[in-house]
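**Student:** Following this message is one structure expressed as structure tokens.
Bear in mind these aren't lab numbers, they're just calculated from the coordinates by the rules spelled out. As the structure is a computational prediction, the values presented were derived from the model and not from experiment. Heads up, the Cβs are rebuilt from the backbone with ideal geometry, glycines too, and the neighbour counts pull from every protein chain shown.
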Amino acid sequence: MTVLVLVETVLLAVLTVLVAGLLRAYGTVLRRLHALDPGTRQDSRPFEVLPTPTARPAGEAEFGPAHDVTGETLRGEIVSARVVGVEHNTLLLFLSSGCATCEAFWTDLGKPGAIQLPAGTRLLVVAQGAEDESRADLAAMAPDGVDVILSSRAWRDYEVPGSPHVVYVDGATGQIRGEGTGQSLRQVAELLARGTGEVGFLTGAPARKSARDREQEVSVDRELLAAGILPGDPRLYGSDER
Amino acid sequence: MTSRTAAGAPRSVVGAHGLQLRLPQRWEARLYLRDEPAEEGESLNPVVHLANFALPPGRGDFGSGAVEVMGPGQAFIALLEYEAAEAGTPLFAARGVPRPRVADFAPNALQRRLPGQLGVQRFFTENGRAFCLYVVLGSREHATGLVGEVCGVLEHLEVGRR
């Protein structure tokens, strides 16, 4: 009997040591994971959170200055594209040939109507330069008619953290109005619409209307977006009363 | 605020194939070699497109695809090189990069006639190379200012040896 008690005591002690060791190892793993990704991303830049749906006071720069884009197209065309100090706004879509999420963007870009832009907005897809990218892979993925510029410099200028990444630039002020990332063009469009108040990202270029009508619609769109109501939201149509 | 690089300074110099351009504010450029020679047996010569608006992809050598989206206050320039053997021939007898005047522009000089637009086309030789300069203005109303801008762009075109 005494021997049995002794054996059980020893087994219990060994198990206790093992469990304590496992818990300690688990704690170490958690600490290291936390060091890699703290979750709250206190060191992140503003673009890494959802763009705020509230309007910024006029003249206040939230995201900083934009840059013109120079590089080369897939055809070998040398490009100097103005982004700053121009009448049009620019949507820069930073993509690469190797990232899995980018595949959906490349595919969507080839679908008619898959991307909607506010009136007077130009889309530039920016990949890294030939020294960092596979030109052949990009050529195979890029749909016809999409302006693709290879420019590692633009990636550095805009401090692109990875792809896909999107930046919306106000041409007149030369300031970035919104940026971020997403899983699809549609998701990015919704973020941009909320962040900038430009419903054109969801509906495309507005039809020609009087300035007064247009201003009123923009104002209403902004308020709806601020309330999280996007085109197609059932709340826009009221309830069916039979 | 972000830690971005401070200034969005204009990127305004484009150069290749013995051509160099310093662009003023608002103007952008695209420089490429023709996909196919203008005539059989010719070499692939460069084409430059310049505009004070966003140049779309997929343009024709004389700007089709771009002039259709031009506004009345905008201008488009195409500079096309031809075979060096053509330099100095009667068609390319004019020397130096031309500076068009408002009176030179007319709708019937357009490659593709679009409402309100005016065009001019000039052939010339510079540094032993043969070129065609083709300019489109968005409207007569803005012609004086646009011609001034066009001449400002051409002022900073340097033609070297290929």
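**Student:** Tell me, what ³J(HN,Hα) does each residue in the stretch B:109-124 have, in order and in whole Hz, if you take phi through Karplus 6.51 cos²θ - 1.76 cosθ + 1.60 with θ = phi - 60° and put x for Gly and Pro?
**Tutor:** In residue order, the calculated couplings are 8, 6, 5, 10, 6, 10, x, x, 7, 10, x, 8, 9, 9, 10, 7 Hz.
**Student:** Right, next: Between B:GLU155 and A:CYS99, what FRET efficiency comes out of the Förster formula 1/(1 + (r/R0)^6) with R0 = 45 Å and r the beta carbon distance, rounded to 0.05?
**Tutor:** Values: r = 44 Å, r/R0 = 0.97.
For A:CYS99 and B:GLU155, the calculated efficiency is 0.55.
**Student:** Classify chain B as rounded, prolate or oblate, taking a ≥ b ≥ c as the square roots of the eigenvalues of its Cα gyration tensor: rounded when a/c is under 1.5, otherwise prolate if a/b is larger than b/c and oblate if not.
**Tutor:** oblate
**Student:** Mind jotting down the distance between the C-alpha centroids of the stretch A:89-109 and the stretch A:168-196, whole Å?
**Tutor:** Using only Cα atoms to place each centre, the spacing works out to 14 Å.
**Student:** Under the Karplus relation 6.51 cos²θ - 1.76 cosθ + 1.60, θ = phi - 60°, what is the ordered set of whole-Hz ³J(HN,Hα) values for the stretch A:128-144, x standing for Gly and Pro?
**Tutor:** 6, x, 4, 6, 10, 9, 9, 4, 5, 5, 4, 4, 6, 8, 6, x, 4
**Student:** Sorting A:GLU223, A:GLU179, A:GLU72 on the 10 Å Cβ count, fewest up front, what's the list?
**Tutor:** A:GLU223, A:GLU72, A:GLU179
**Student:** Still on this model: I'd like the Karplus ³J(HN,Hα) series for the stretch B:79-87: coefficients 6.51, -1.76, 1.60, θ = phi - 60°, whole numbers in Hz, and an x wherever there's a Gly or Pro.
**Tutor:** Residue by residue, the stretch B:79-87 yields 10, 10, 8, 10, 4, 4, 5, 7, 4 Hz.
**Student:** Is the shape of the stretch A:133-206 rounded, prolate or oblate, going by the alpha carbon gyration tensor and its root eigenvalues a ≥ b ≥ c, with a/c under 1.5 for rounded and a/b larger than b/c for prolate?
**Tutor:** prolate
**Student:** Under 5 Å between amide hydrogens, which residues at least 5 positions from A:GLU77 or on another chain qualify, with H placed 1.01 Å from N in the peptide plane?
**Tutor:** Here nothing satisfies the definition.
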